[in-house]
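Undergrad: Let me begin by handing over the structure; questions about it come next.
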Amino acid sequence: MTQLPTVAVIGAGSSGIAALKRLDDRGLSATCFEASDRIGGNWVFGNKNGMSAAYRDLHINTSRDRMEYSDFPMPSDYPDYPHHTQIAAYFDSYVDHFGIRDRIRFETKVEHAARLEDGTWELRLGDGSVERYDALVVANGHHWDQRWPEPAFPGSDTFRGTQIHAHQYVDNTDMEGKDVVVLGMGNSGMDIAVEASYVAANTYLAARRGAWIVPKYIFGRPTDQLRNDPRIPFKVRQRVIHQLVKAYTGSPERYGLPKPDHKFGEAHPTISSRILDRIQHGRVTPKPNIERLDGDDVVFTDGTRVHADVVVYCTGYKITFPFFDEDFISAPDNHIELFWRVFSPEVPNVFFVGLLQPLGAVMPLAEAQGAWIADHLRGEYALPSRPQMLERITEDQAEMRKRYVASKRHTIQVDFDDYLYDLEGELAAGAERAKEAGFALPVPHRAPERVEA
Ligand SMILES: Cc1cc2nc3c(=O)[nH]c(=O)nc-3n(C[C@H](O)[C@H](O)[C@H](O)COP(=O)(O)OP(=O)(O)OC[C@H]3O[C@@H](n4cnc5c(N)ncnc54)[C@H](O)[C@@H]3O)c2cc1C
Ligand SMILES: NC(=O)c1ccc[n+]([C@@H]2O[C@H](COP(=O)([O-])OP(=O)(O)OC[C@H]3O[C@@H](n4cnc5c(N)ncnc54)[C@H](OP(=O)(O)O)[C@@H]3O)[C@@H](O)[C@H]2O)c1
């Protein structure tokens, strides 16, 4: 039998371990490189890789039933929205349950990945050693490279208070008795403004755009567990959930927040059951965007000015692949052209897992992507032609641009249920193509086991 390609996986966060497990299930020899000394990535509070955005009191905002892997339920005594320690423990137990820990090389950062002329990947590792693989799976996460306001606000270089990005936020202890300005209407902005509001003298929540705020529960059930049938047109589903959210919370303007310039589902969901209370309790004051920083003050675009000790920029993240040469593979302004957010039409043996921003949780999607890559590498799923892939990418991007608010945070959006549902059709089409191609392996096994130093 022809030998299957060897695979390197970069990252043992929730995406990398899901891919690793699926590759292993299908008999592919995969090695996962993890910079940290443990698995879990973002969900390891204080992760020694310096890449985790988890704060002390972080809880998931996608419910546990939506987040768990399809073949490994979360423990039944977990609450609907577990704490990060429980989530990290769950990922840790996943690798032991499926016996894949020995495929993970901990404290082994991939410093550089180069595609050689014969198509194999040469990885330079943190200890200076070099290894070769036939295929590369990238699962390095996309919530660790901080995006600060671009350009920086005037006066930020001479501001006398402290400025941090949400990624640096640990807990509210340093905010006690202080005046805190939180910028951004995403989930970091919500959580951090709420936490600050319990100890700060004043908490201001600044935003350049309004958002629909989704409660964690509707009708006593986690909101993301409401029926969302992909066979029903999106516009119909959008109307229903929009009305539901409005019925529960009313319009954001009622709380002094900016009026959203879009309908529900046209921005990444901002989920919080607490922010509106904290505003209505007078503990968080909504503000428009920051215009400039001025000594000890923050001046907003409506001309109002407040004293500020701390400014927290909850302004999102950049998609970055530090191990690739930038002119080879990169994501300027968070844009990267991938077929179904997995396959590159230009580089046939690199695959991306978890590089999406779902309305729903990432993990079951990463799992499906891992299985898909495995089918592909086994010759059981064949990609369409390059022009067809490019056509699909163009369509996807046009659809995303049409639907979503123009923002660097909306470049890799997918609808959880729709993605999984549509994937079934794509897998069937790819299986047919593979059959026509005689189940030829798309990536041959060439990489030597050892590389001479
Ligand atoms: C505060 C916060 C809360 C979130 N809450 C949710 C939620 O409730 N539900 C949800 O679905 N998503 C949530 N997300 C999204 C989050 O991205 C996913 O939950 C999840 O962490 C994605 O897993 P990942 O494996 O893709 O990335 P990560 O968790 O970031 O893991 C990437 C791994 O790759 C490793 N790595 C990176 N580069 C290298 C390298 N060069 N060599 C070797 N190893 C490397 C890292 O050490 C890390 O272990 C949240 C994000 C943030 C920031
Ligand atoms: N509890 C949880 O589970 C939890 C907590 C935190 C984060 N998360 C997840 O982590 C990911 C990142 O979330 P995030 O909130 O950190 O980032 P985000 O979703 O990218 O939101 C960034 C926010 O900052 C605003 N912004 C960006 N640049 C700005 C600028 N220059 N001036 C003014 N405003 C600016 C954006 O506004 P525009 O819309 O106008 O661009 C947006 O409101 C998401 O997947 C989120 O769901 C989850």
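Undergrad: Just one of PRO230, PRO215, PRO252 is surrounded by 22 or more Cβ atoms within 10 Å (Cβ to Cβ), more than 29 Å from ASP145 (Cβ to Cβ) and not β-branched (Val, Ile, Thr); which is it?
TA: Sole residue among the options that is surrounded by 22 or more Cβ atoms within 10 Å (Cβ to Cβ), more than 29 Å from ASP145 (Cβ to Cβ) and not β-branched (Val, Ile, Thr): PRO252.
Undergrad: Which residues, counting only those in the range 67-100, are closer than 21 Å to GLY141 by Cα, charged (D, E, K, R) and touching a residue at least 60 places away in the same chain (Cβ under 8 Å)?
TA: Of everything in the range 67-100, just one residue is closer than 21 Å to GLY141 by Cα, charged (D, E, K, R) and touching a residue at least 60 places away in the same chain (Cβ under 8 Å), namely GLU68.
Undergrad: Of the conditions (1) touching a residue at least 24 places away in the same chain (Cβ under 8 Å); (2) within 12 Å of ligand 1 (Cβ to nearest atom); (3) buried (at least 18 other Cβ atoms within 10 Å of the Cβ); (4) among the basic types (Lys, Arg), ARG64 fails just one. Which one is it?
TA: (1)
Undergrad: Mind telling me which of the residues LEU23, LEU58, LEU4 ends up being buried (at least 19 other Cβ atoms within 10 Å of the Cβ), in contact (Cβ under 8 Å) with a residue 24 or more places away in the chain and either among the polar types (S, T, N, Q) or out of contact with any strand residue (DSSP E or B) (no Cβ under 8 Å at 6 or more places or on another chain) (or both)?
TA: After applying the criteria, what remains is LEU4.
Undergrad: While we're on this one: Please work out if GLY128 is in a loop (DSSP other than H, G, I, E, B) and more than 11 Å from ligand 1 (Cβ to nearest atom).
TA: When the stated conditions are applied, GLY128 passes them.
Undergrad: Across the range 14-59, what is the number of residues that are over 17 Å from GLU111 (Cα atoms) and part of a loop (DSSP other than H, G, I, E, B)?
TA: Residues in the range 14-59 being over 17 Å from GLU111 (Cα atoms) and part of a loop (DSSP other than H, G, I, E, B): 18 in total.
Undergrad: Looking only at the range 362-383, decide whether some residue is part of a loop (DSSP other than H, G, I, E, B), within 16 Å of ligand 1 (Cβ to nearest atom), under 18 Å from the mean Cα position of the chain (by Cα) and at pLDDT 95 or above.
TA: Among the residues of the range 362-383, at least one is part of a loop (DSSP other than H, G, I, E, B), within 16 Å of ligand 1 (Cβ to nearest atom), under 18 Å from the mean Cα position of the chain (by Cα) and at pLDDT 95 or above, which makes the answer yes.
Undergrad: Being within 16 Å of ligand 1 (Cβ to nearest atom) and either in a strand (DSSP E or B) or within 24 Å of MET400 (Cα to Cα) (or both): is that true of GLY189 here?
TA: Yes: the conditions hold for GLY189.
Undergrad: Here's another thing I want to ask about it. Can you name every residue in the range 267-299 that is more than 11 Å from ligand 2 (Cβ to nearest atom), in contact with a Pro (Cβ under 8 Å, 6 or more places away or on another chain) and either of a type in the set (Val, Ile, Thr) or over 14 Å from ALA193 (Cβ atoms) (or both)?
TA: Residues satisfying the conditions are ILE279, ARG292, LEU293.
The values are calculated or read from the model by the stated rules, or taken from the named source; none is laboratory data. Keep in mind that what you see is a predicted model, and the values were worked out from it rather than measured. With ideal geometry, Cβ positions are generated from the backbone for all residues, glycine too; neighbour counts draw on all protein chains shown.
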